[in-house]
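Read-outs: derived from the displayed coordinates by stated rules, not from any lab. As the structure is a prediction and not an experimental result, all values here were calculated from the model. Positions of Cβ are generated from backbone atoms using ideal geometry, with glycine treated the same way; all protein chains shown enter the neighbour counts.
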Amino acid sequence: QHYDLVVRNARIATAERSFDADIGIRDGVIVALEQGLAAGEREIDAAGRWVLPGGVDSHCHVEQLSGMGLICADDFHSATVSAAFGGNTTIIPFAAQHRQDDIPEVLDDYARRAREKAVIDYAFHLIVTRVDEQALKHDIPQAIRDGITSIKVFMTYARMKLDDYSILELMSVADREGALMMVHAENDDVIRWLADRLTGLGHQAPKYHAVAHAGLAENEAAHRAICLSRLLDTPLVIVHVSERETVECVRRAQVQGARIIAESCPQYLFLTAEDIDRPGVEGAKYCCSPPPRDEASQQAVWSGLEDGTLTLYSSDHAPYRWDESGKLPKGEKTGFREMANGLPGLEVRMPLLFSEGVRRGRISINQFVELTATRHARTYGLYPRKGTIAVGSDADLAIWDADREVTISVDKLHDAVDYTPYEGMKIVGWPETVINRGRIVIDKGELLVERGSGEFLPCATPEPVIEARQSRPADTLIRRLVEAR
Ligand code: URP
Ligand code: ZN
Ligand code: ZN
Ligand code: ZN
């Protein structure tokens, strides 16, 4: 038995169990998983370390035009380098259609840019903003056949948002063709009405962003999206759940049998509205949508992650620099409505949860793996190639030093953003060696792979879509309506 690489004396955690083994790797794939393996061409001694599946971050914005028309600070190189330093081996960013764009060109464009620059593996979700016959009958089915099997829609942002009719159209096509729907759920009219009132009263400070993006705007839209999903009995991912009532709404829907999958992000665990309320324009550094909420909502998000209501923990990395376009509101007249929405988080997503979740005993190491890797791969059709440590899976590993003390600061991070919302936070635990398809991507603080060495991952049919197909009655009126096009 020949191995290109053996990771020896590993203390391994998967989503299901923890065990000790050596990991034998050949041609980028795990081919043996037992103690006492023969020598490999290269060896890494992982004694005293946790060896976890490489993280899969299924929500990040890279080289993308935002809902407000701003381009992200990170390109596919800086984003994937930063992700790798934070223990990730796969990211799933968005290929974003804007209304004037045609879907095939959008997909080609993102594919080309990622191919040239990415250092770890990547798949794509497709953001759809124009729902017409060409998209529904041709472009989306073709994208799904090409391995883009998740479709995200927005209920807010003037440039992106779809009405409920269009969302139902997309949901029914996704259902029929085998894709998973994702939704940014906030009520656009509520936000706009509140923002108009606030600016009318002369309120411009960053903190009013959090007032305009009221919890009820999220709750109403999430509830409406849940109803659309229930109507078609089709699975739906609600991304970045931030507040208590939405967590409760999701939990209730799941108990009733709705096919709702929900995600949350570090900003809703580790920041609050008080951060946006920092003096002057400092608060703009914490501006994202939905915004960080109060402590009760933080607790609700923790509970949701602990009890399985929220099964995905992603960064929603949406990087904008502080020193130039984007983050700073430009001048008196504009104010909070002009600030770029979004926070950087690719690199700190996992270390934050490891420190505050695993080390503090809120979640087990196996839940950590589930929340940061396995469930993402399952949800978006990449499992078991990605998201676990098993014979036959890609050799995607992160070797963690569970005791390393780190004070988060912008100069330690590798993204293209000039600040971090978590500046000064003291955490414990960091991934020190990161391996993607058997290639050592990061070791001892060094990046060891070339630009463009990441691979595109075509996604299979997402597990929630397969489960829905297997478990629901085939010939209800709704099913006939979905099929009849
Ligand atoms: O504020 C955020 N989350 N910006 C990124 C775009 C989005 O809403 O997903
Ligand atoms: Zn969003
Ligand atoms: Zn509800
Ligand atoms: Zn996002």
Nonlocal amide H pairs with Lys327, under 5 Å, H built at 1.01 Å: Arg321, Ala340
Highest to lowest packing among 198-204, 88-94, scored as the average C-beta count within 10 Å: 88-94, 198-204
Point-to-point label distance, Asp164-Glu248, nm (Cα→Cβ direction, 7 Å offset): 2.2
Dipole magnitude of the chain, debye to nearest 20 (Cβ charges: Lys/Arg +1, Asp/Glu -1, about Cα centre): 660
Cα→Cβ-extended label distance, 7 Å offset, between Glu450 and Gln299, nm: 5.4
Proximal lysines relative to Lys426, as straight alpha-carbon distance under 24 Å, when same-chain residues fewer than 8 apart are discounted: Lys285, Lys412, Lys444
Along each principal axis, Cα extent of the chain, largest first, Å: 69, 58, 41
For the chain, calculated [θ]222 nm from helices alone, where every DSSP H run of n ≥ 4 adds -39500 (n - 2.57): -8500 deg cm²/dmol
Lys, Arg +1 and Asp, Glu -1 on Cβ, resulting dipole of segment 335-485 about Cα centre, debye, nearest 20: 760
Residue order, fewest to most beta carbons within 10 Å, for Thr407, Thr420, Thr379, Thr461: Thr407, Thr461, Thr420, Thr379
Two-site FRET efficiency, Leu228 against His98, from Cβ-Cβ distance with R₀ of 25 Å, rounded to 0.05: 0.60
Under 26 Å from Lys137, Cα to Cα: lysines that are on another chain or at least 8 residues apart: Lys152, Lys161
Whole-Hz couplings from phi, Karplus 6.51/-1.76/1.60, listed for segment 123-129; x for Gly and Pro: 10, 9, 9, 9, 8, 10, 10
Calculated from backbone phi, Karplus (6.51, -1.76, 1.60) coupling profile of segment 188-204 in Hz, x at Gly/Pro: 4, 5, 4, 4, 5, 5, 5, 5, 4, 4, 5, 5, x, 8, x, 7, 10
Hull-based mean projected area of segment 183-276, where the convex hull spans the alpha carbons, in square nanometres: 6.1
Whole-number D in µm²/s for segment 15-164 (Stokes-Einstein; Kirkwood sum over Cα pairs; 37 °C, 0.692 mPa s): 183
Spacing of the two label points (7 Å from each Cα toward its C-beta) at Arg278 and Arg42, in nm: 3.9
Label point 7 Å beyond Cα of Asp323 along Cβ direction - residues of segment 66-80 with amide nitrogen under 16 Å: 73-74
Span per principal axis, largest first, for the Cα atoms of segment 228-310 (Å): 47, 22, 16
Residues whose placed amide H lies under 5 Å from that of Asn88, excluding near-sequence neighbours: Gly55
Neighbour-limited loop hits for trypsin sites (Lys or Arg not before Pro), segment 58-145 (at most 11 other Cβ within 10 Å; DSSP other than H, G, I, E, B): Arg99
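Please identify every one of the trypsin sites (Lys or Arg not before Pro) in segment 1-98 that sits in a loop by DSSP and has no more than 12 other beta carbons within 10 Å of its own beta carbon.
Numbers: sites: Arg8, Arg11, Arg17, Arg26, Arg42, Arg49; in loops: Arg17, Arg49.
Here the sparse-neighbourhood loop sites are Arg17.
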Exposed GluC sites (Glu not before Pro) absent - longest run of the chain, DSSP non-H/G/I/E/B, at most 15 other C-beta within 10 Å: 42-323
Cα shape, segment 307-466, gyration tensor, a/c 1.5 rule: prolate
